[in-house]
1. Output yes when any residue across segment 30-53 is part of a loop (DSSP other than H, G, I, E, B), without any contact (Cβ under 8 Å) to a residue 12 or more places away in the chain, out of contact with any helix residue (DSSP H, G or I) (no Cβ under 9 Å at 6 or more places or on another chain) and open to solvent by less than 40 Å² (accessible area, probe 1.4 Å), and no when none is.
2. Please determine whether any residue of segment 65-76 is part of a loop (DSSP other than H, G, I, E, B) and of a type in the set (Ser, Thr, Tyr).
3. Which residue is nearest to residue 149 (Cα to Cα), if the candidates are limited to segment 258-292 and must be part of a strand (DSSP E or B) and among the charged types (D, E, K, R)?
4. Against the condition open to solvent by 50 Å² or more (accessible area, probe 1.4 Å) and outside any strand (DSSP E or B), how does residue 230 come out, does it pass?
5. Please determine, by comparing only the residues of segment 263-274 that are modelled with pLDDT of 85 or more and over 18 Å from residue 194 (Cβ atoms), which one is surrounded by the most Cβ atoms within 10 Å (Cβ to Cβ).
6. Keeping to segment 88-145, report how many residues are without any contact (Cβ under 8 Å) to a residue 40 or more places away in the chain, under 23 Å from residue 4 (Cα atoms) and open to solvent by 50 Å² or more (accessible area, probe 1.4 Å).
7. Could you go through segment 233-253 and let me know if any residue there is among the β-branched types (Val, Ile, Thr), closer than 29 Å to residue 308 by Cα, modelled with pLDDT of 85 or more and open to solvent by 10 Å² or more (accessible area, probe 1.4 Å).
8. Take the residues in segment 288-308 that are within 27 Å of residue 110 (Cα to Cα) and touching a Pro at 6+ places or on another chain (Cβ under 7 Å), then tell me which one is most open to solvent (accessible area, probe 1.4 Å).
Amino acid sequence: MSRTTLVIVNPAATRARRVDVDAVVTSLAGAGGVVDVAVTAGPGHATELAREARRRGSGLVVATGGDGTVNEVANGLLVDGPADRAADGLPALGILPVGGMNVVGRSLGVSTSPREAVRQLTAAARTGRRTIVNVGKVNARFFLFASGAGFGAELMSRVMAARRRSGRTSTARTVAEGVRVFPRGEGRRRQALRISAGGSERQAFALLVANTSPYAYLGGWPLNPCPAAAWDKDLEALAFTGASLPRHAFLLARMLAAPRREHTGRAVARFSGAVDLSVTSQAPIALHVDGEPLPRCRTLSFHSVRQALAVAL
């Protein structure tokens, strides 16, 4: 594997200004090899840069940004398909988490301190240490920690839009927005999701699909609808099937208060260890991957891709 490293920097990330890129380059160069830097110019650019790095045979591609940047870089590394053995066939993914939520890095044990994260990454680069992880895929897009369809994806899209406008969001604002967009009456019928997995079929209005846990953070609290999800397992999913806003508010509170508890009952349906899962709807479905909204569509196909990616960790 080449000793060339590419550091991809998203200058729009929440805490990007706290990263001394020159110091990052110096530290990684001290681990051996050539280090290049590329700054993204807009959405999708990190994917293009990572794809080209794979084709050039780079050994390490570092995503410096939030979860959206990490997702774009991972998709660039995987765009031509996962290798038979990720550790041998693809550049490793490095993570310097400087976004607002940083679920991927925190789930993998990467420090939220930029200086400490650089130290961790440099140690992994020097020793060649790699952790192989599963990823999820929905239609043509890979995701690392989570995806979702329906009401939850609609809410996340609105929260992310608010974050981009103001630079931050609050738990109270998120809850208020959730109450406002919760589907009711005819809207619930039009937005119904038909979910098929393992020979069973359920109808719901929201689906959360997790490749690891937690699923997200609400303020500083981990939101954990699928506590069994892990990097070395197939997908875990939770569908919201009930019609009561108070019931689902209670479920949300329980997810925050008891993050290790599995959620069962009339208002939800669990899909555990899912390799494949399909969703259809008569109306276009809101969708997100790793917190980033994607265009709506009527048909979704989720898939667990085993041992797809090597992470320098």
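The values are calculated or read from the model by the stated rules, or taken from the named source; none is laboratory data. Just so it is clear, the structure is predicted and the values come from calculations on it, not from any experiment. Using ideal geometry, Cβ is built from the backbone for each residue, glycine included, and neighbour counts are taken over all protein chains shown. The accessibility values were calculated without ligands, DNA or RNA, using every heavy atom of the protein model including side chains. Shrake-Rupley method; radii C 1.70, N 1.55, O 1.52, S 1.80 Å.
1. yes
2. no
3. In this case the residue turns out to be 292.
4. No, not satisfied.
5. Across segment 263-274, the extreme among qualifying residues is 272.
6. 3
7. Within segment 233-253, none of the residues are among the β-branched types (Val, Ile, Thr), closer than 29 Å to residue 308 by Cα, modelled with pLDDT of 85 or more and open to solvent by 10 Å² or more (accessible area, probe 1.4 Å).
8. Ranking the candidates gives 305 first.
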